[in-house]
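Beneath this line is the structure, given in structure tokens, with notes to follow.
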Amino acid sequence: MFPGLTFRPARPLKARRRFAVGNFARRFQPPKVYGRIGSLEVRLASKKSEIRRAQRLRYKVFYEEMSATPNALAILSRRDEDAYDAIFDHLLVIDRAGEGKGRWRRSKIVGTYRVLRQDVADLYDGFYTQGEYDLAPLIAAKSPNVSFMELGRSCVLKPYRNRRTIELLWQGIWSYVHEHGVDVMVGCASFEGTDPSAHAEALSFLHHTALAPAAWRVRAHEHLRIDMNMMPDAAISRRSAVKALPPLIKGYLRLGAYIGDGAVIDHQFGTTDVLIILPVEAIRSRYTAYFGASDGLAAPLASELMPLN
């Protein structure tokens, strides 16, 4: 699971104009399937009940397995939900092995990832990540030629945290990126716990080696920002720093991601967040040489992002 791509509690959404977005606009259309491996398939959620099931999966992973703190509504509903769920698209990995076997048996949602395109975010309050990081200057500087997409709330049920599931998740993400012409992916990746000093070496390593260049740099909001430069570069053991990085962050770095300026403590989810800025061209340039065409990137993406935690 990517606690890595979890966010602060949501702000109320303020629509700028009426617009049918997300999966609710497609509720009467057949679900879009992006790939299958055995009994598993990855597709977009096509109805509210599927999103509620994804929210229950998120609750199980974030609140029961990890250290997120549920509010009263989450405790009662046993779902991780916020106002942004209505405008995100929700990628689902579904196990169809038990479907149709017995009166009440149905497919099981075992993985999920929510994605928000810039054209949709612009109609509302912008990206969720804007609550922690000041994305607006970067987006304004790159517009209108660069299209952004936010990734978040990703998790996988524990028995399914394997290569097949991760490969399907990233096949879905890559297909979605390709379909909508996305140029840059952004989102938060996390360290466990709310004490940044416990991760001083790893955070300092990211600051010295992966800080986004000026043209891509995004800074945490000043009232939330924790300086990641806690140790001088010469004092860092590269081996131990890399070992201490969460697997998701290591995977993103291998894909060519940049890290934003400053960490942010997410008290609800019990994490210390860093911003990931991942230009799609960086992935293409690293992997197209091995697979020939951009459509074949799901497998190498999965291998870089293993293991999913």
* Asked: What pairs come up if the first residue lies in the range 250-264 and is touching a residue at least 12 places away in the same chain (Cβ under 8 Å) and surrounded by 22 or more Cβ atoms within 10 Å (Cβ to Cβ), the second is basic (Lys, Arg) and outside any strand (DSSP E or B), and their beta carbons are under 6 Å apart, counting only those six or more places apart or on different chains?
  -> GLY262/ARG225
* Return a yes/no flag: does the range 50-61 have any residue that is outside any helix (DSSP H, G or I) and of a type outside the set (Asp, Glu). => no
* To do: From VAL182, VAL156, grab the single residue that is in contact (Cβ under 8 Å) with a residue 60 or more places away in the chain, in contact with a Gly (Cβ under 7 Å, 6 or more places away or on another chain) and either farther than 30 Å from GLY38 by Cβ or aliphatic (A, V, I, L, M) (or both).
  => VAL156
* Asked: If SER237 passes every condition in (1) out of contact with any Ser or Thr (no Cβ under 7 Å at 6 or more places or on another chain); (2) at positive phi but one, which one does it miss?
  -> (2)
* **Subset of the range 28-52 [surrounded by fewer than 19 Cβ atoms within 10 Å (Cβ to Cβ) and either touching a strand residue (DSSP E or B) at 6+ places or on another chain (Cβ under 9 Å) or in contact (Cβ under 8 Å) with a residue 40 or more places away in the chain (or both)]** => PRO31, LYS32, VAL33, GLY35, ARG36, ILE37, GLY38, SER39
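Return yes or no: is ARG153 touching an Asp or Glu at 6+ places or on another chain (Cβ under 9 Å), at pLDDT below 90 and not polar (S, T, N, Q)?
no
Go through the residues of the range 164-177 one by one and say whether even a single one is aromatic (Phe, Trp, Tyr) and surrounded by fewer than 22 Cβ atoms within 10 Å (Cβ to Cβ).
For the range 164-177, residues aromatic (Phe, Trp, Tyr) and surrounded by fewer than 22 Cβ atoms within 10 Å (Cβ to Cβ): present.
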* Asked: If you take just the helices (runs of 4 or more DSSP H) that sit entirely in the range 200-309, which of them hold at least 1 residues that are modelled with pLDDT of 95 or more and of a type in the set (Ser, Thr, Tyr)?
  -> 200-210, 238-244
* To do: Identify, from the list ARG239, ARG254, ARG225, ARG219, the residue that is touching a Phe, Trp or Tyr at 6+ places or on another chain (Cβ under 8 Å) and basic (Lys, Arg).
  => ARG219
* Asked: Does any residue of the range 219-232 turn out to be at negative phi, surrounded by fewer than 16 Cβ atoms within 10 Å (Cβ to Cβ), more than 19 Å from the chain's Cα centre (by Cα) and touching a residue at least 60 places away in the same chain (Cβ under 8 Å)?
  -> yes
* Quick one: what pairs do we get from the range 187-216, first residue more than 24 Å from GLY126 (Cα to Cα) and without any contact (Cβ under 8 Å) to a residue 24 or more places away in the chain, second part of a strand (DSSP E or B) and among the aromatic types (Phe, Trp, Tyr), C-beta under 6 Å, 6+ apart or different chains? -> none
* So, of the residues in the range 90-117 that are at pLDDT 85 or above and of a type in the set (Ser, Thr, Tyr), which turns out to be nearest to TYR160 (Cα to Cα)? -> THR112
* Scan the range 53-73 residue by residue and report those that are among the small types (Gly, Ala, Ser) and either closer than 17 Å to VAL110 by Cα or without any contact (Cβ under 8 Å) to a residue 12 or more places away in the chain (or both). => ALA54, ALA72
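Quick grid of which residues meet (1) surrounded by 22 or more Cβ atoms within 10 Å (Cβ to Cβ); (2) closer than 30 Å to ARG164 by Cβ; (3) among the β-branched types (Val, Ile, Thr); (4) in contact (Cβ under 8 Å) with a residue 60 or more places away in the chain:
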{"site": "ILE75", "(1), (2), (3), (4)": "no, no, yes, no"}
{"site": "ARG79", "(1), (2), (3), (4)": "no, yes, no, no"}
{"site": "ASP82", "(1), (2), (3), (4)": "no, yes, no, yes"}
{"site": "GLN130", "(1), (2), (3), (4)": "no, no, no, no"}
{"site": "ASN145", "(1), (2), (3), (4)": "no, no, no, no"}
* Only one of these is among the small types (Gly, Ala, Ser) and surrounded by 17 or more Cβ atoms within 10 Å (Cβ to Cβ): GLY187, GLY181, GLY193. Name it. => GLY187
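The values are calculated or read from the model by the stated rules, or taken from the named source; none is laboratory data. Here the structure is a predicted model, which means the values were calculated and not measured. Methodologically, a virtual Cβ is constructed for each residue, glycine included, from the backbone with ideal geometry; neighbour enumeration extends over all protein chains shown.
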